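Data first, discussion second: the structure below is written as structure tokens.
The values are calculated or read from the model by the stated rules, or taken from the named source; none is laboratory data. All values reported here derive from a predicted model rather than from experimental measurement. Using ideal geometry, Cβ is built from the backbone for each residue, glycine included, and neighbour counts are taken over all protein chains shown. Just so you know, the surface numbers come from the protein's heavy atoms only, side chains and all, with ligands and any DNA or RNA stripped out. Shrake-Rupley method; radii C 1.70, N 1.55, O 1.52, S 1.80 Å.
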Amino acid sequence: MEELYNFMAWGDYNKRMEELAELALPEQWSFEGRNDFGILKNYMKYTFAKLQREAKVYINDKHCIFNTGLFTPYYEDIYVYAETSPDDYADWCFKGFLTGYELGALGIADFPERADYFSDPSLLVFDWHCSVNVQYKHILEDEHNKQRLPELILAANRPINYLKGTIDTDIKKVIANYKLAVPQYFNGKIQLLIPLYFSKEEKPDLTLVLAKMNGYCQGHACLTMETAYSNARLTAKPDSSWLVP
């Protein structure tokens, strides 16, 4: 499987991402305080990887096409269109982000499908009937998880009490309003993100990752807000009051 950045000759890749952001439905594609289109780059990277696994990158001896999964303001699919490259370092040369109409004008009739992230819609919704099991040891002792925790947790005499109390309370908030749970795509699976509020009530500090099993959920990791948003954006723009870029 090849990385999107190396798959074709893009010219100025940053400029290409800027062009795509301008063509697509209005959306914030950089995290607050930045202007690097980091969210869009992450989205394109993993969307292309998913399309390769699903064999949805259309290639013949003249051109290469794939569906970005994004829409214009007129809800037209946006495709990446490339032609064979004269350069040795890349097989393909990027030509443009085109709509179905524009591809049709080139005599192209077969349009690749979007990436498919889920077949079971029930995975996208939190079910309050499901019990939640949390792996506190992993969250508190695994170095990757531990470094994400706020200092007030790490400095507490008994961090488990603080962590468990916060998670229990915030899960009850999701039970009261199931729409607070936001789906994310990670490692080939749909999971749910739960906001965790350790300090300011109006702004979550981390997210708890829940993996739905048969009648219960496993909570095994906490993610930063940026990582959570990037993962969630792969499936759809999060329609959430708390998970924002």
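When Rg and Dmax are taken over the Cα atoms of the chain, they come to 20.7, 69 Å. Between Leu140 and Asp239, the distance separating the two model label sites (each 7 Å from Cα on the Cα→Cβ line) works out to 3.9 nm. Backbone amide hydrogens, once placed in the peptide plane, bring Asp205 within less than 5 Å of Leu196, Tyr197, Phe198, Ser199, excluding anything fewer than 5 places away on its chain. Between Tyr89 and Lys203, full extension at 0.36 nm per residue minus the direct alpha carbon distance yields a gain of 36.4 nm. Note on the range 1-138: lysine pairs with Cα distance below 28 Å, sequence gap of 8 or more or different chains, count 17.
Classify the range 77-151: rounded, prolate or oblate, from the alpha-carbon gyration tensor (a ≥ b ≥ c, eigenvalue square roots; a/c under 1.5 rounded; otherwise prolate if a/b is larger than b/c)? Working shown, then result.
Numbers: a/c = 4.60, a/b = 1.97, b/c = 2.33.
The shape class here is oblate.
A 1.4 Å probe run over the range 63-217, with the rest of the protein chains in place, finds 57 Å² accessible per residue.
If you run the Gaussian network model on the chain, springs between alpha carbon atoms under 10 Å, then out of Ala181, Ala221, Ala156 the most flexible one is Ala156. Based on alpha-carbon atoms, the Kirkwood radius and the radius of gyration of the range 100-232 give Rg/Rh equal to 1.12. Every helix of 4 or more DSSP H residues in the chain counts as -39500 (n - 2.57), and over all residues that averages to -9000 deg cm²/dmol at 222 nm.
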